[in-house]
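One structure is given here, and the rest of the page talks about it.
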Amino acid sequence: MTAVIVNADCTSEPPDSGHDVYITDPPFSAHVHDSAVSQGPGSSKNATVGTRKRDLGFDCITDELRRHVARTAAASRRWSVIYSDVESANTMRETCELVGAEYVRTMPWVRWSMPQLSGDRPPQGFEALIVCHAQATGPRGGRKPIAKHWNGPGNLTHLAHRALRGDGKHKCEKPLDQALDLVSYFSDPGECVRDDFAGSGAIGLACAILGRDYVGFEMSAEWAARATRLIGGDLEGRHWDRLREWCERTEDVSDGYAPTEPSRKRAAAREADRERARAWLAERVTI
Ligand SMILES: C[S@@+](CC[C@H](N)C(=O)[O-])C[C@H]1O[C@@H](n2cnc3c(N)ncnc32)[C@H](O)[C@@H]1O
């Protein structure tokens with residue numbers, strides 16, 4: 001298995017790289033970047049007392065970048081899973097459909113990490129993950145859905161992984177247990193997962209643990225280097241904690257009904273992934 005992080009702007013890469021699955025977390029829209037705050041002393045005259053403007057360290061998504069993401073999704077052999085802020089989820093969906101991907105679902109990630117600090121409105125309680133699939137193009141350019149399979153439970157209504165908090169991590173880092181679930185649900189061992197916005201490398205690490213090939217792009221030299229170290233096995237406490245939790249978790253993949261042949265297959269795929277993760281952990285940690 002190979003897992004690599006390329007320190008480059010993903011738009012310099014062609015969308016079609018022979019990847020089977022695309023799991024990626026692009027920058028969110030301008031309003032999310034502009035309104036990002038964290039708790040602390042106000043830093044400007046306009047800042048509400050108790051809040052501090054939060055610089056995410058990279059620019060918001062542009063129409064051009066969104067089109068690149070959509071084309072890369074359309075070029076995927078199977079699934080694409082694209083994080084989005086809720087307000088722009090439909091724009092991402094429409095862009096993906098426009099360039100030829102089949103839109104399948106939007107999965108909510110119900111998450112909470114900070115109260116609404118302004119106190120004048122409810123907090124945003126979830127993020128969206130846009131799920132698309134490759135489709136066939138007919139001789140006259142018409143598009144047709146193709147057969148799909150995933151390894152997740154049919155009764156999964158939302159993702160509920162605990163958001164990460166605290167300093168020292170990437171400002172938009174996704175929890176490793178969530179990355180493991182996405183890689184396990186949407187790809188099979190031996191497939192190649194592409195990620196155009198690697199950040200801390202969480203998706204890449206999940207691929208390395210679960211035996212998927214991975215190619216990630218990251219524009220920041222610092223984060224590309226850190227992600228490379230992470231994928232190479234240089235984990236921090238939060239990664240070990242989430243990996244252990246994931247290895248120990250049990251789940252019902254019976255879809256909430258009596259087990260069927262497809263649900264048994266999916267259960268076996270999930271258990272095989274957990275075994276892979278346990279073996280990866282056991283090689284590195286003496287219990
Ligand atoms: C939302 S974060 C991804 C966080 C990641 N999922 C994680 O768990 O750490 C987006 C990342 O994409 C990077 N980025 C932004 N635009 C990019 C581009 N055009 N090409 C490559 N990387 C880019 C940013 O530097 C940032 O690290």
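Tabulated data
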| read-out | value |
| --- | --- |
| Condition met for Asp255 (under 20 Å from the mean Cα position of the chain (by Cα) and surrounded by 12 or more Cβ atoms within 10 Å (Cβ to Cβ)) | no |
| Flag if Leu235 is open to solvent by less than 40 Å² (accessible area, probe 1.4 Å), more than 17 Å from the chain's Cα centre (by Cα) and within 16 Å of the ligand (Cβ to nearest atom) | yes |
| Number of the condition not met by Ala225 [criteria: (1) of a type outside the set (Ser, Thr, Tyr); (2) open to solvent by 30 Å² or more (accessible area, probe 1.4 Å); (3) farther than 30 Å from Arg71 by Cβ] | (3) |
| Filter result (more than 9 Å from the ligand (Cβ to nearest atom) and either open to solvent by less than 10 Å² (accessible area, probe 1.4 Å) or modelled with pLDDT under 95 (or both)) within segment 186-203 | Phe186, Ser187, Val193, Arg194 |
| Top-ranked residue of segment 117-160 - restricted to ones that are among the polar types (S, T, N, Q) and surrounded by 11 or more Cβ atoms within 10 Å (Cβ to Cβ), ranked as farthest from Lys171 (Cα to Cα) | Thr137 |
| Filter result (open to solvent by 40 Å² or more (accessible area, probe 1.4 Å), modelled with pLDDT of 95 or more and touching a Leu at 6+ places or on another chain (Cβ under 9 Å)) within segment 1-42 | Thr11 |
| Among (1) open to solvent by 20 Å² or more (accessible area, probe 1.4 Å); (2) of a type in the set (Gly, Ala, Ser); (3) touching a helix residue (DSSP H, G or I) at 6+ places or on another chain (Cβ under 8 Å) - the single one Ala101 does not satisfy | (1) |
| Single unsatisfied condition, Glu218 versus (1) more than 12 Å from the ligand (Cβ to nearest atom); (2) over 21 Å from Arg284 (Cβ atoms) | (1) |
| Segment 60-76, residues that are outside any helix (DSSP H, G or I), in contact (Cβ under 8 Å) with a residue 60 or more places away in the chain and either surrounded by fewer than 24 Cβ atoms within 10 Å (Cβ to Cβ) or touching a helix residue (DSSP H, G or I) at 6+ places or on another chain (Cβ under 9 Å) (or both) | Ala75 |
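The values are calculated or read from the model by the stated rules, or taken from the named source; none is laboratory data. None of the values given here were measured: they were computed from a predicted structure. Note that each Cβ is placed from the backbone with ideal geometry, even for glycine, and that neighbours are counted across all protein chains shown. The area values use the complete protein model at the heavy-atom level, side chains included, leaving out ligands, DNA and RNA. Shrake-Rupley method; radii C 1.70, N 1.55, O 1.52, S 1.80 Å.
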